[in-house]
Amino acid sequence: MSMGDRRVTGEEPNAGAVPSRVRIHTGPQRTSVPVENGRRSEAMRPVVFDIRDMSVHYGAKQALGWTTFQIHRNLVTAVIGPSGCGKSTFIRSLNRMNDSIPGFKLEGQVLYHGHDVYDAGVNRVEVRRRIGMVFQKPNPFPKSIYDNVAWAPRNLGMKRDLDGRVERALRNAALWDEVKDRLHASALGMSGGQQQRLCIARTIAVEPEVVLMDEPCSALDPIATARIEELMRELKKTFTIVIVTHNMQQAARVSDRTAFFTAELDSKTDQRTGLLVEFDQTARIFSNPRDERTENYITGRFG
Ligand SMILES: Nc1ncnc2c1ncn2[C@@H]1O[C@H](COP(=O)(O)OP(=O)(O)O)[C@@H](O)[C@H]1O
Ligand SMILES: [Mg+2]
């Protein structure tokens, strides 16, 4: 594969072992709280991801086509749309989680602070440290609560003040008070909602900039869901959040921006390809969408 070729396939030989050639610089993490209420200009909010004309194939099948939009720092960006429209494909492409899928091929650009995360020489371990991920089903390791949170920092050699790091992550995930007296008990004894907050703690323990969440509440009851939603509003003060959700009310409650995808049938190939229909401020998507397909979806006429 030539250096200029942006395509990436799952069969790439040196996968994961490439030392960093391109360093990714993000500048200092902001701690101020830019609230999405129109008072701050767009220019003041740094662009974290600039996604340009991104297409994804799995083998011969095109899963996602020509997606272009930007993700801004300290906002919650929601990705919504019917099943199979490419939401998971999209979010997993932001931190190269799809690389190991045979036949995966990405075209276009995924610029993270101006650096293409698919450039040859970008260190994937570094990409995943900066851009963490929380999955649909809580998946704690069969280890203690402490060891779950300490796992990634230990692996990355972040050993200084590990106890402090674990405590901070658990506090930021709104879990500390519930677990501080049983840090060495198994994580598998926790409730589903606690396990998902533990997975969030595990992700933020290495201080990423971005937290990707793929339907993080779909396995949880309404009370646990409400706690995670509340937590997201806190987390966005420090992190940039991208959440896939099939729950439109959830997108409306927690997100600042919404990307609506749909799956369009190509009559020639008889295949469905995911497409971005509309990206805008969440309030606008839900009150005054520009595209009829968005309107049909959010009013429940489709999907
Ligand atoms: N590992 C894979 N191999 C082949 N096709 C896949 C794979 N994962 C997803 N797809 C296909 O890509 C399309 C988009 O899937 P996905 O991103 O999971 O959609 P969503 O998350 O919106 O339900 C679907 O047609 C799905 O069948
Ligand atoms: Mg999905």
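The values are calculated or read from the model by the stated rules, or taken from the named source; none is laboratory data. None of the values given here were measured: they were computed from a predicted structure. Ideal geometry is used to build each Cβ from the backbone, glycine not excepted, and the neighbour counts take in all protein chains shown.
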Filter result for the condition that a residue is modelled with pLDDT of 95 or more, within 25 Å of Asp50 (Cβ to Cβ) and out of contact with any Cys (no Cβ under 9 Å at 6 or more places or on another chain), over Phe286, Phe261: Phe286
Restricting the search to region 212-249, which residues are within 16 Å of ligand 1 (Cβ to nearest atom) and closer than 18 Å to Thr282 by Cβ? Leu212, Met213, Glu215, Pro216, Cys217, Val242, Ile243, Val244, Thr245, His246, Asn247, Met248
Need pairs with beta-carbon distance below 9 Å; first residue within 6 Å of ligand 1 (Cβ to nearest atom) and within region 82-110, second hydroxyl-bearing (Ser, Thr, Tyr) and in a loop (DSSP other than H, G, I, E, B); sequence gap 6+ or separate chains. Lys87/Thr245
Flag for Val242 being under 26 Å from Arg293 (Cα atoms), in contact (Cβ under 8 Å) with a residue 24 or more places away in the chain and in contact with a Leu (Cβ under 8 Å, 6 or more places away or on another chain): yes
Out of (1) surrounded by 19 or more Cβ atoms within 10 Å (Cβ to Cβ); (2) of a type outside the set (Lys, Arg); (3) in a loop (DSSP other than H, G, I, E, B), the one Val110 does not meet is (3)
Do you know which residues across region 55-113 are at positive phi and within 16 Å of ligand 2 (Cβ to nearest atom)? Gly81, Gly84, Gly86
Determine the pairs where a residue that is assigned to a helix (DSSP H, G or I) and away from ligand 1 (no atom under 12 Å from the Cβ), located within region 250-266, has a partner that is modelled with pLDDT of 95 or more and not charged (D, E, K, R) with Cβ atoms under 6 Å apart, the partner being 6 or more residues away or on another chain. Ala251/Ala78; Ala251/Ile80; Ala251/Thr245; Ala251/Thr258; Ala252/Phe286; Val254/Val76; Val254/Met232
For region 201-227, give me each residue that is assigned to a helix (DSSP H, G or I) and of a type outside the set (A, V, I, L, M). Arg202, Thr203, Pro222, Thr225, Arg227
I need the full set of residues from region 69-107 which are charged (D, E, K, R) and not in a strand (DSSP E or B), in order please. Arg73, Lys87, Arg92, Arg96, Asp99
Among helices (runs of 4 or more DSSP H) completely within region 139-200, the ones holding 1 or more residues that are under 20 Å from the mean Cα position of the chain (by Cα) and closer than 19 Å to Val211 by Cα are 145-155, 162-172
Cross-chain or 6+ apart pairs with Cβ under 6 Å, region 114-140 first and farther than 13 Å from Asp99 by Cβ, then basic (Lys, Arg): Gly121/Arg21
Somewhere in region 195-202, is a residue surrounded by fewer than 19 Cβ atoms within 10 Å (Cβ to Cβ) and within 26 Å of Phe49 (Cα to Cα)? no
